[in-house]
Every structure is written in C-alpha cells, then in structure tokens.
Amino acid sequence: MPPASRADIPGTTATGTRLLRKGQAHRIVFANEKGGTGKSTTAVHVAVALSYLGARVASIDLDPRQRTMHRYIENRLATLEKRELTLPTPACEVFRETGTGALLGMIRRLEANCDFLIIDNPGRDDAYARIAVEHADTLVTPMNDSFVDFDLIGQVDAETFKVKKLSFFAEVIWDARMKRSRMTIEHQRPEMDWIVVRNRTGHVEAKNQARLHKALGEMSKRVGFRVTQGLSERVIYRELFPSGLTLLDKGHLGELGTSHLVARQELRALVKALRLPEFSRAQDRLEVA
C-alpha cells in the first residue's frame, strides 16, 4: 500500500473530509474507566488497520502494569520473527515515567514521525489518563452493551430507563473538552470527536438493546458524542492475542469460518465510522472482506 497522503494545511476538504496538518499527528485515545470492554483489543485492531492503509502509526500504552496493547504488539513482533514474515505493525511504547511533562514529551517525540498516535488508557482514572484525554483529537470509548457499562456515562431511572444525570466519566470528558477548546485555538488542533463504541452486542437481549440505544441517543445529545457499532463477542479475538495477529492478516490465520469474515466486516465498518483525517477514500483499499 502507498503511504497515506498528508495535507499542508489544517482544515477539511470541500466534501467535509478532515485533513492531517503537516508535521502534526492525529491523536486517537481509547479511554474507559471500566475494564473488560474490549478497549485494548479495539485499539490494536484500529492501529493495525491504519498501518495496512499505509499510515505511519505509533502507540502508547499508559498501563505499565498490565500493558495489554504493548504485550499484543510484542507477541506480533515475535510471531513475525519466528515465521519470517513482514506485516504492517504499529510502533508501541509503554509510559513508565512520572510527571505530566514526561508524558507530553513522549507524545511529542512519537508524533513527530507518525501520521496517527494511538494512546491506550488504563481502565481506571488517573492523572495521566486525564492528560491523554485532554489531548485527544479522536476519543474512543468502547463499552459493552449493558447498563452496567452505561452507568459510567449516565444514570438512568430504574422504571423508565430515562437518563437522570451524567455520571463521573462523562463529567471528566466534559471538563477535558473545555480545556481542549482552548488548545484548539492556541495550537490549531481539531475539536475533539468523542465516539462511544458499542462492543459485544451479539449476546444482548433485544428489549434491553433497544433501551440502551434510546438512552445512548439521549445522552449523546446532552454531552455531544457519536455512537457506532464495534466488535462483537467472538472467541477469535482472544485466540489471536498470543500470536499478536489480527483479523486483517489474511493468509496467516489458517482456515476462517463465516463468523470470522463477518468480524472483518465489523472492523472495516468501525474504522470508517471513526472518520479519521484523509482516510475516507483510502479505507476503500482496506481489504478485510
């Protein structure tokens, strides 16, 4: 694949496509203060998908203890060496230092040589996670299709399931966006695009799914996020972790069933739904069917 093109000036095209500013990476932050939502799995697959498109991708794992994303990339590099393969692979580092300045320094260093910088936040609230959110151009919040996960964003009435008020995570994002608005003016960054990704929808009862859909729609209007479908609950995602391979690595996964082909289509749809700069046309080259 040819490398992704980059625009010399910030802004959008006549069709509304956002452009990458020359010398400025687009920052994608995956954040959710609850574990088990498929956050790191989604981050890895998006990072590899962008690499397949020809983009230069770097990533930061902000959880030095668990470092799920970093371990995934480590496994991938080990598999490529063992099998003597060359496959698109994003760079990945773990943030192990202390101090806001150190994190911002790492962000500046990595984004100087990439088109997209992906940050995988830990499944908890801490100072570094908040800094990452404040500096996100695209903020992705994966959640399982359940009111347990929705409770991080908003609280609903037990009888009517109508949203009563914002929850702590939504308030954190609201504060971050206020700070971000100043950054948009001072540093010519785009406005933050917040996307809630509904993962693991396959096993949700239809009535409950409809209630969640309605509650998310109501909440999205209050706090300004978009909602899109993510990755379903499939064993293949857990099975791929030891090898570090992804659904995009066709020809290296053995025989794949129909469900795996459907999963590839889910990933393709997710990448398009993120509406990342300069890649609305390039995504047609992402062969995941």
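A short reminder: the numbers here are calculations on the coordinates, not readings from a lab. This is a predicted model, so every value here is computed, not measured. Note that each Cβ is placed from the backbone with ideal geometry, even for glycine, and that neighbours are counted across all protein chains shown.
Find how much the distance from H213 to R109 grows on full extension, using 0.36 nm per residue of separation minus their present alpha carbon separation; answer in nm with one decimal. Spell out each step's value before the answer.
On the way: separation 104, 0.36 × 104 = 37.44 nm, distance 3.99 nm.
Separation in residues times 0.36 nm, less the Cα-Cα distance, equals 33.5 nm.
Assuming 0.36 nm per residue, please report the length gained on full extension of the stretch R226 to K162 beyond their Cα-Cα distance.
Working: separation 64, 0.36 × 64 = 23.04 nm, distance 1.85 nm.
Answer, rounded to one decimal: 21.2 nm.
Arranged by the count of other C-beta atoms within 10 angstrom, fewest first, what order do F169, F241, F150 take?
Working: F169 20, F241 16, F150 23.
The order, fewest Cβ neighbours first, is F241, F169, F150.
Need the C-alpha centroid separation for the range 124-175 versus the range 229-252, integer Å.
Measuring centre to centre over Cα atoms gives 27 Å.
Pop a pseudo-label 7 angstrom from the Cα along the beta-carbon direction at both K179 and R238 and give the gap in nm to one decimal.
3.6
Near the amide H of V140, under 5 Å away, which other amide H atoms are found, from residues 5 or more places off or on another chain, if H is placed in the peptide plane?
V29, F30, A31, I195
Given H placed 1.01 Å from N in the peptide plane, which residues other than close sequence neighbours of S59 have an amide H under 5 Å from its amide H?
Correct list: A91, C92, E93, I118.
If you plug each phi of the range 100-111 into the Karplus form 6.51 cos²θ - 1.76 cosθ + 1.60 with θ = phi - 60°, what whole-Hz ³J(HN,Hα) values come out, in order, with x for Gly and Pro?
4, x, 5, 5, 5, x, 5, 4, 5, 5, 6, 6
Counting other beta carbons within 10 Å of each residue's own, what order do M178, M143 fall into, fewest first? Numbers along the way, then the final one.
Numbers: M178 10, M143 26.
Least to most surrounded, the residues fall as M178, M143.
Just tell me which lysines come within less than 21 Å, Cα to Cα, of K272; anything on the same chain fewer than 8 places away is out.
List returned: K39, K250.
Which whole-Hz ³J(HN,Hα) couplings does the range 145-152 yield from phi under the Karplus relation 6.51 cos²θ - 1.76 cosθ + 1.60, θ = phi - 60°, glycine and proline marked x?
With coefficients 6.51, -1.76 and 1.60, one gets 7, 8, 6, 5, 6, 4, 4, 5 Hz.
Sort W194, W174 by Cβ crowding within 10 Å, fewest neighbours at the top.
On the way: W194 23, W174 14.
The most exposed by this proxy come first: W174, W194.
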